[in-house]
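**Student:** Here it is, the structure in full.
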Amino acid sequence: PPEPLPSPFIVFSNPKPELPLKPSLLIIALSSPSLHIFHSLPSKTLIGTLIIPELPFSGNTVEPSLQDKSCNIYSLSDNNNNNNAVLLVSVQLPVPPERSNLVSRLLVGQDIVPARVIILDSIQSRNFRGRLSPDEALAAKLETSSEKKAAATSRLSLDYFPSGSVIDGLSASLLSRCQLKNIRGTLVVSWPEFDPSVVRFLGALLKSIVPSLDIKSVDKDLEKYSSRTGLKRDAWLDSDLYT
């Protein structure tokens, strides 16, 4: 029989980190718009990288790039100088379905034990029950039981993902892991996958969750996300955060 693959693992910048890390909030970016936002944030510190042994590093740059196949972990300092209060994970590599559970364990409940998790992914048209217009932005959520029990003012005011539609892959595994560990977890899925209006919406959403977030640079190179102009935008996308 073939040799079993080595398990995924996290390499931390600090050679002797106090594990598990216990952030108040862990935000995991899987969608292209959310990865663009994370890459644009100036006030983040690289603290670790998740390694999947069978995925090669060839072609990756020395400095973090959106073109890299990587899974970097960053910290954001809060106003009390708590360096690991908010952690960001940029998942820029294709996680094989059979590795999703192992990766989810590392990020939620093993090396990192967050109080709350927000996962940002895209809606896959093949899994969506209903019509998706390429010119109309859409966002919806799924929540764990403990998130639903939290105070309404602290939860994200989005419509629920429609029943009959399917979420799969790493985002589904991460949300299931939150449910299993009784952690507040929200999965936010958006459509279209490449669209400036979705980037602006997610930027405003993240700013509402982490008010200290500096998102001024998010609009940089934004139009490369869509060749369309004059897209229909709801009022909530034209946030005063971007004026």
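**Student:** Return the residue satisfying two criteria in turn: it lies in the range 63-77 and is touching a Gly at 6+ places or on another chain (Cβ under 9 Å) and charged (D, E, K, R), and of such residues it is surrounded by the most Cβ atoms within 10 Å (Cβ to Cβ).
**Tutor:** ASP68
**Student:** Under the condition of being loosely packed, with under 15 Cβ neighbours inside 10 Å, under 21 Å from SER197 (Cα atoms) and aliphatic (A, V, I, L, M), which residue from the range 127-165 is modelled with the highest pLDDT?
**Tutor:** Among those residues, the one meeting the criterion is LEU156.
**Student:** Also, quick follow-up: Do you know which residues across the range 166-203 are surrounded by 16 or more Cβ atoms within 10 Å (Cβ to Cβ) and β-branched (Val, Ile, Thr)?
**Tutor:** Result: ILE167, ILE183, THR186, VAL188, VAL189, VAL198, VAL199.
**Student:** Okay, next question. Of all residues in the range 13-58, which are in contact (Cβ under 8 Å) with a residue 60 or more places away in the chain and in a loop (DSSP other than H, G, I, E, B)?
**Tutor:** LEU19, PRO20, LYS22, PRO23, SER24, LEU30, SER31, LEU41, PRO42, SER43
**Student:** SER104 versus (1) under 17 Å from LEU26 (Cβ atoms); (2) part of a loop (DSSP other than H, G, I, E, B): which is the lone unmet condition?
**Tutor:** Just one mismatch for SER104, condition (2).
**Student:** With the requirement that a residue be among the small types (Gly, Ala, Ser), under 25 Å from PRO15 (Cβ atoms) and either surrounded by fewer than 20 Cβ atoms within 10 Å (Cβ to Cβ) or at pLDDT below 95 (or both), what does the range 27-53 give you?
**Tutor:** The first filter runs over the range 27-53 and keeps only residues among the small types (Gly, Ala, Ser), leaving 29, 31-32, 34, 40, 43, 48.
Next, from what is left, pick out any that are under 25 Å from PRO15 (Cβ atoms): 43, 48.
SER43 - this is the single residue of the range 27-53 that is among the small types (Gly, Ala, Ser), under 25 Å from PRO15 (Cβ atoms) and either surrounded by fewer than 20 Cβ atoms within 10 Å (Cβ to Cβ) or at pLDDT below 95 (or both).
The values are calculated or read from the model by the stated rules, or taken from the named source; none is laboratory data. Keep in mind it's a predicted model, so treat the numbers as computed, not measured. Neighbour counts run over all protein chains shown; Cβ positions are idealised from the backbone, glycine included.
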